[in-house]
Amino acid sequence: MDTVASMRDQEPAPGHPERRLTTKETAESLGVKPDTVYAYVSRGQLSSRREPGGRGSTFDAKEVEALARRNRREISGSSGSGGELSVRTRITLIDKDRYYFRGVDATELAARHSYEEIAEWLWTGELRPGITFTAPKAAVAVARRAVDALPEHTGPTDRLRVAAIAAATADPLRFDLSEDAVLGTARILIPTLVAALPPARRAHRDEGPLAHRLWARLSGRPADEPSLRVLDTALGLLVDHDLAASTLAVRVAASARAHPYAAVSSGLGVLEGPLHGAASGLAHRLLLDVLDLGDAAPVIADELRAGRRIPGLGHRLYPGEDPRARALFALLKELPGAGPALAAARDIVATTARHTPLHANVDLALAVLTVSSGMPSTAGETVFAVARTAGWIAHALEEYGERPLRMRPSGHYVGPRPPQPLPE
């Protein structure tokens with residue numbers, strides 16, 4: 001017998017009356033929308049019963065309260081996770097040296113599908129072959145005006161954040177958090193962000209797959225098919241990576257019911273840190289230094305002497321190889337002109353292995369792409385930010401279906417015990 005069906009149809013034991021809640025009461029108790037209540041039923045997390053003569057389903061009050069307690073506990077860090085936040089998600093699983101989008105190997109998806117197709121898979125669980133995202137002219141115009149007003153030295157993440165905020169002001173429906181509305185926003189926000197960036201060369205067209213449009217913002221060189229394939233694959237590989245710091249910020253914003261533009265802006269703010277999205281820029285500059293000297297040894301020595309960690313190596317979630325780096329390096333071997341940067345990357349890994357055996361991570365692979373394509377050191381950060389926007393939207397969508405403001409951990413106060421005298 002189907003477990004969910006049996007739970008739906010369960011009856012109270014004789015002599016044990018139960019208090020029943022309507023769908024509206026259940027939604028209010030859980031802090032979710034009525035549609036989410038029925039999603040809980042379909043997952044087997046709640047049972048429902050249609051009362052004789054009634055027009056809707058009812059729910060066991062005790063069962064609803066138990067689910068509410070579980071929802072409150074799920075970010076408490078009490079599940080043996082070493083005190084770290086733990087949030088249930090159906091988006092990305094990282095397991096050993098592989099990772100999966102909705103249960104499908106992410107590197108295989110990136111090898112076979114475009115960035116836009118992978119984004120749709122992440123958002124809806126469906127593939128839409130050939131889909132491309134296009135931005136309304138009005139949104140692009142507003143975003144470009146805002147970005148063009150920034151100082152010339154402004155970094156890419158700042159430009160993207162300003163573009164997101166500007167695009168939000170042009171969207172009167174931004175506060176509609178229904179799934180269809182958020183998906184519509186996502187499909188126009190990502191190409192708007194790309195279109196708002198200043199082009200690296202004059203002759204460019206804002207059409208075709210997103211990777212083609214992004215290339216014109218990153219490199220002054222014309223794009224060949226192998227290069228575009230590497231860039232598109234990089235975007236697909238970087239779409240999401242579980243609860244990275246920027247993604248957690250997005251979920252906190254979505255928990256407070258910030259609209260998608262604001263949630264993405266939160267992620268961009270965190271991404272700018274040197275330990276997150278900007279790490280590929282550090283690896284880019286390291287590669288250039290190695291190429292200039294022709295040897296990684298003196299460059300690595302200088303980094304270690306200065307007390308700095310070597311960028312582009314190791315990842316806390318992968319004891320072995322970073323699967324994203326492995327997939328990109330395989331494509332980079334086929335890229336015209338990538339040979340010197342690839343050799344420099346191998347030299348960095350081999351030289352550092354004498355001290356600490358660390359594998360190359362995706363930041364080093366991105367650096368090989370940006371260096372060999374004549375891109376600036378900030379290009380990897382741009383690729384990372386644009387790619388991850390799709391994952392942030394997926395997490396925001398998931399969070400909009402949960403209890404509002406659940407991302408509210410309690411502080412562990414360690415200051416002076418009150419009452420303390422008033423300061424003089």
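Full extension of the chain between Lys137 and Ala256 yields a length gain of 39.8 nm, computed as 0.36 nm times the residue separation minus the alpha carbon distance. The Kirkwood hydrodynamic radius of region 129-234, based on inverse pair distances between different Cα atoms, is 14.5 Å. Report note on the peptides 118-129, 368-379: ranked by the mean count of other C-beta atoms within 10 Å, highest first, their order is 368-379, 118-129.
For the peptides 242-253, 186-197, residues were scored by their other Cβ atoms within 10 Å and the scores averaged per peptide; the highest-first order is 186-197, 242-253. Normalised by 2.2 N^0.38 Å, where N is the number of residues, the C-alpha radius of gyration of region 297-424 stands at 1.56.
Could you identify which residue out of Val147, Val362, Val64 has the top mean-square fluctuation in a GNM of the chain using Cα springs shorter than 10 Å? In the Gaussian network model the winner is Val64. Compute the acute angle (0 to 90°) between the alpha-carbon long axis of helix 137-148 and the principal axis of greatest extent of the alpha-carbon atoms of the chain; round to the nearest 10°. For 137-148 against the chain, the angle is about 60 degrees.
Could I get the Rg over Rh figure for region 185-235? Both from C-alpha atoms, Rh via Kirkwood, rounded to two places.
Radius of gyration over Kirkwood radius for region 185-235 works out to 0.95.
Between the DSSP loop rule and a limit of at most 11 other Cβ atoms within 10 Å, which trypsin sites (Lys or Arg not before Pro) in region 275-360 are left? Of the trypsin sites (Lys or Arg not before Pro), the ones in loops of region 275-360 whose Cβ has at most 11 other Cβ atoms within 10 Å are Arg308, Arg316, Lys333, Arg354. Straight-line reach from Lys24: taking Cα to Cα under 26 Å and skipping same-chain neighbours fewer than 8 places apart, the lysines in range are Lys33, Lys62. Taking only the alpha carbons of region 115-169, we obtain Rg and Dmax values of 14.4, 41 Å in that order. Relative to the Cα centre, the charge distribution of the chain, modelled as +1 at Lys and Arg Cβ and -1 at Asp and Glu Cβ, gives a dipole magnitude of about 580 debye.
Once the cut-off is 35 Å, how many percent of the Cα-Cα pairs in the chain end up in the long-distance tail?
The answer is 37 percent, as a whole percent.
Coordinate-derived values only; no laboratory data. Please read these numbers as outputs of a predicted model, since none were measured by experiment. With ideal geometry, Cβ positions are generated from the backbone for all residues, glycine too; neighbour counts draw on all protein chains shown.
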